[in-house]
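The block underneath contains the structure these notes are about, expressed in structure tokens.
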Amino acid sequence: MNANVNNTNELIMCNSQQKKNIIAVSASFPRPRFPEHYTFVKNILLEMSRQGNVVDVITPLSWVTALKTWRSKPKKIEVGLLKVKSPIITTIPLSFFSGLKKLFTSFNDEAMSRAIERSLPVGAKYDYCYAHFLPAGRAALKSMVRRSVPVFLNLGESDPWDYDLLYDKDSWVSELSAFTGIITVSKLNQKYILGRNARLKDKVSYIPNG
């Protein structure tokens with residue numbers, strides 16, 4: 001087992017002697033109007049919390065999504081001891097401007113980055129940052145690097161080759177080096193990333209769902 005797998009397991013499976021303060025960032029999280037969406041992200045964070053860690057969650061919500069669902073009847077979401085903040089952010093739907101995806105992806109990522117910065121508790125100290133999906137990870141890096149907080153990225157079920165359409169094809173893979181650890185849930189994704197950047201070998205861990 002390489003050193004990175006050990007580091008990743010320390011994040012996901014902290015034992016009783018290693019309780020951590022964790023800041024989690026993801027735009028994918030259950031909402032009061034759609035509590036069934038993205039429960040897999042919530043469950044990962046709940047497991048971290050159940051193991052005794054303190055987990056703060058920042059899950060930016062697009063005003064477009066908020067506007068679309070304002071008439072829906074909100075439902076209660078059980079988040080245990082998670083401390084969840086959902087700042088509203090201004091984003092541009094990529095489906096409306098397919099020819100300008102890279103430009104508007106950059107705009108949306110910056111909006112998420114600003115939301116993270118203003119949502120961080122004043123004076124809070126964190127041992128790790130956990131980010132689910134690449135946009136959240138890229139946004140989190142800006143705030144966490146300044147605070148010397150290691151960032152672990154879970155690429156989840158996303159197809160990494162789709163990011164070639166949203167970012168510069170070579171730069172986004174190169175930028176993965178800034179993460180302390182990277183989780184892929186399929187060997188196909190792991191192989192794709194390492195095929196693009198072999199220097200990530202000690203950072204990319206294959207941890208399947210479940």
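Of all residues in segment 130-144, which are open to solvent by 10 Å² or more (accessible area, probe 1.4 Å) and either in contact with a Gly (Cβ under 7 Å, 6 or more places away or on another chain) or modelled with pLDDT of 95 or more (or both)? Break it down into steps so the answer makes sense when it comes.
The first filter runs over segment 130-144 and keeps only residues open to solvent by 10 Å² or more (accessible area, probe 1.4 Å), leaving 133, 135, 138, 141-142.
Matches in segment 130-144: Phe133 only.
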Based on this model, can you work out whether Val145 counts as within 16 Å of the chain's Cα centre (by Cα), over 20 Å from Ser62 (Cβ atoms) and part of a helix (DSSP H, G or I)? yes
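Have a look at Gly195, Gly156, Gly123 and point out the one that is open to solvent by 40 Å² or more (accessible area, probe 1.4 Å), part of a loop (DSSP other than H, G, I, E, B) and of a type outside the set (Phe, Trp, Tyr). If you could, list the steps in order and put the result at the bottom.
Working: Gly195 fails: part of a loop (DSSP other than H, G, I, E, B); Gly156 fails: open to solvent by 40 Å² or more (accessible area, probe 1.4 Å).
Exactly one residue qualifies, and that residue is Gly123.
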Just to verify a result, which residue in segment 54-69, among those that are farther than 14 Å from Thr90 by Cα and either modelled with pLDDT of 85 or more or among the small types (Gly, Ala, Ser) (or both), is farthest from the chain's Cα centre (by Cα)? Val54
Determine which single condition Arg147 fails, assuming it passes every other condition in (1) open to solvent by 20 Å² or more (accessible area, probe 1.4 Å); (2) farther than 26 Å from Ser186 by Cα; (3) in contact with a Leu (Cβ under 8 Å, 6 or more places away or on another chain); (4) modelled with pLDDT of 85 or more. (3)
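The values are calculated or read from the model by the stated rules, or taken from the named source; none is laboratory data. Computed from a predicted structure; not experimentally measured. In this analysis, Cβ positions are derived from the backbone assuming ideal geometry, glycine residues included, and neighbour counts consider all displayed protein chains. Note: areas computed on protein heavy atoms with side chains; ligands, DNA, RNA excluded. Shrake-Rupley method; radii C 1.70, N 1.55, O 1.52, S 1.80 Å.
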